[in-house]
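Everything on this sheet refers to the single structure shown next.
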Number of protein chains: 2
Amino acid sequence: MAIRTERCIKLRGMGSFHVGGEPKSLQGKPLMQATLAVGGVPVTMDPNGDYVIGQMYAQYFLGGDGRRPPILFWHGGGLTGACWETTPDDRRGWVEDFLLDGWDIYLCDAVERGRSGYAPIPDVWPAPISQTAASLFVRFRIGHAETNTTLENLAGHAFPGSQFPARQFTQFMRQVVPRWSHTDEQIMAAYHALLRRIGRRSIIVCHSQGGMFGLRSAMEAPDAVTAVVALEPASVPLEKARQLGYSTPTLIVLGDYIDTDTRWPRIRDRIMQFAAEFPCVQVLSLPEIGIKGNSHMLMMDKNNMEISGKVRDWLYGMAGADSARP
Amino acid sequence: MAIRTERCIKLRGMGSFHVGGEPKSLQGKPLMQATLAVGGVPVTMDPNGDYVIGQMYAQYFLGGDGRRPPILFWHGGGLTGACWETTPDDRRGWVEDFLLDGWDIYLCDAVERGRSGYAPIPDVWPAPISQTAASLFVRFRIGHAETNTTLENLAGHAFPGSQFPARQFTQFMRQVVPRWSHTDEQIMAAYHALLRRIGRRSIIVCHSQGGMFGLRSAMEAPDAVTAVVALEPASVPLEKARQLGYSTPTLIVLGDYIDTDTRWPRIRDRIMQFAAEFPCVQVLSLPEIGIKGNSHMLMMDKNNMEISGKVRDWLYGMAGADSARP
């Protein structure tokens, strides 16, 4: 059954739209025959013609009074906006939490994923990357597992003290979607289109792969971005910051178990270098303030409400949003 | 900019979950190398291992007091739940409309699409079907066009009097996602899992390809379904109804221009036969009551609020929901 909130959520508006993308024409392909529903009438399909590719879906929930900057939730690789909603073990997610706190929310599916869709045009895009349950379990720092560990056995491999709801890892896998590794510029272009469409200085709350896009947006369109909260960004655009300069108030949040990982110590080094060169960047390492056990999926860990509280404390405290404190 | 509603939407809960699907194991494939973000650290990816396929995403907005049956919005082929939200020309969609009228809503993305995702496992699923802008323009009965009519010229080919916002057809194309033609049973299984999870007798409002699934659900799980509203179902499960019997109150809504189409006269014949054999089935042909110009995409046509009003009139009037009239 659906979860119920303790408090009523009031929205002054909600809806969705797609932004960005461009027409793409296909020529010279053979005809196809298909029946589109059991019992339906067969149709001949000609794949030659026009499509739109590279667009992005954004769903909005206006939970504030319109005076605070809106918050844009940008998910990570292989995921969709769903990762910011109810957690895999059916606890409240950040979307609901921020709405109850009176913010306007834009929940995005990056280009090629989720309700953004992609045009299945032959030869235009290569095959997506396959990500197994065991590989994500390890890469998202939920625990150690061999690559051949089966789905049903993964929960038993969680780190002692892990905040991830590991018993619901199969449920988490249900929200994993295909990803590609060649679409960064299309994704970035669509995020810029989103910022133009919203037309208000926005706060970007981004995660993992989305962290790179959030930080780049603030560098490439500084007038459109009030602040960036990057949860475990998969990388930081250090060279771009040196080239363009960077002064957007930025909070980078890091979870636990980084020293046990093959990739994250190097990513953290880049993040610390970024913070050392740009005083607007603050790093919040959760274990260093006594918050232990967080995985890469901070927004769905068991203490996700404690972390969203830390993020909001920072948002309320930073210059520019202070006047909006409720 | 985002649209604003005239009235505040009050929700006693919101969130999302995934249901259904099953683990799928892949073996014997070669390793892959990929960099998952520009500037990121390269990772070796082993596609062999476990995935979950066949799951479905449902997003819920509890706009009622919990006494009326919830409404489940099931979209058509090549689309996602987004089709029930804001229209391509930025008017209010049915989700918002029904929430303002005090209903609980479950907005679904069928298996393989949208936030349901699909596991990109080599050799498990064939390539999706390509649907060009011109083919959808014709199949959705917006107007006549040659298969080589370009995207920018399509709007000029709309039927005189068409209710579809044809000038925004490019915007509509942004919400089209890949579709497959072999996944009906997986989709159906996930819809049954949804009905079990919701655990309340539900009203299914379904469209096109989704019409078949809505009607089948009511036949296969009659205790879970209070009523079906099928907007232009792509087919009706007549043989199944004869086999299992059918007594669920059902409204089938048809738009205009059916006689100009190559497929729809035959689909309508089946629908009329279904209604003739099963008295619980009522057909509402919009042109016959003087509502002209509707395309296949009734929920986003310019008169979409008039049609949602007709649907609600029927819902309020049918046995079982009458007591819930506000």
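Laid out as a table, the results:
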| quantity | calculated |
| --- | --- |
| The one condition in (1) within 30 Å of residue B:222 (Cα to Cα); (2) touching a Leu at 6+ places or on another chain (Cβ under 8 Å); (3) at the interface with chain A (Cβ under 7 Å from one of its Cβ atoms) that residue B:115 fails to fulfil | (2) |
| Evaluation of residue A:218 against (1) buried (at least 17 other Cβ atoms within 10 Å of the Cβ); (2) within 13 Å of chain B (Cβ to nearest Cβ); (3) farther than 20 Å from residue A:94 by Cα (one fails), failing number | (2) |
| Among the candidates A:113, A:141, residue that is among the basic types (Lys, Arg) and either within 30 Å of residue B:84 (Cα to Cα) or without any contact (Cβ under 8 Å) to a residue 12 or more places away in the chain (or both) | A:113 |
| Residues being surrounded by 20 or more Cβ atoms within 10 Å (Cβ to Cβ) and either under 21 Å from residue B:30 (Cβ atoms) or within 14 Å of another protein chain (Cβ to nearest Cβ) (or both) - total across the stretch A:146-167 | 4 |
| Residues located in the stretch B:65-97, provided they are at pLDDT below 95 and of a type in the set (Gly, Ala, Ser) | B:66, B:77, B:78 |
| Helices (runs of 4 or more DSSP H) completely within the stretch B:226-326 that count 1 or more residues being in contact with a Phe, Trp or Tyr (Cβ under 6 Å, 6 or more places away or on another chain) and in contact (Cβ under 8 Å) with a residue 40 or more places away in the chain | B:304-317 |
| Residues of the stretch A:50-87 classified as without any contact (Cβ under 8 Å) to a residue 40 or more places away in the chain, of a type outside the set (Gly, Ala, Ser) and surrounded by 24 or more Cβ atoms within 10 Å (Cβ to Cβ), total | 1 |
| Residue among B:46, B:50 that alone is facing chain A (nearest Cβ under 9 Å) and under 30 Å from residue A:215 (Cα atoms) | B:46 |
| Residue count for the stretch B:190-217, restricted to those that are assigned to a helix (DSSP H, G or I) and under 16 Å from the mean Cα position of the chain (by Cα) | 14 |
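The values are calculated or read from the model by the stated rules, or taken from the named source; none is laboratory data. Everything numeric in this text was worked out from a predicted model, so none of it was measured. With ideal geometry, Cβ positions are generated from the backbone for all residues, glycine too; neighbour counts draw on all protein chains shown.
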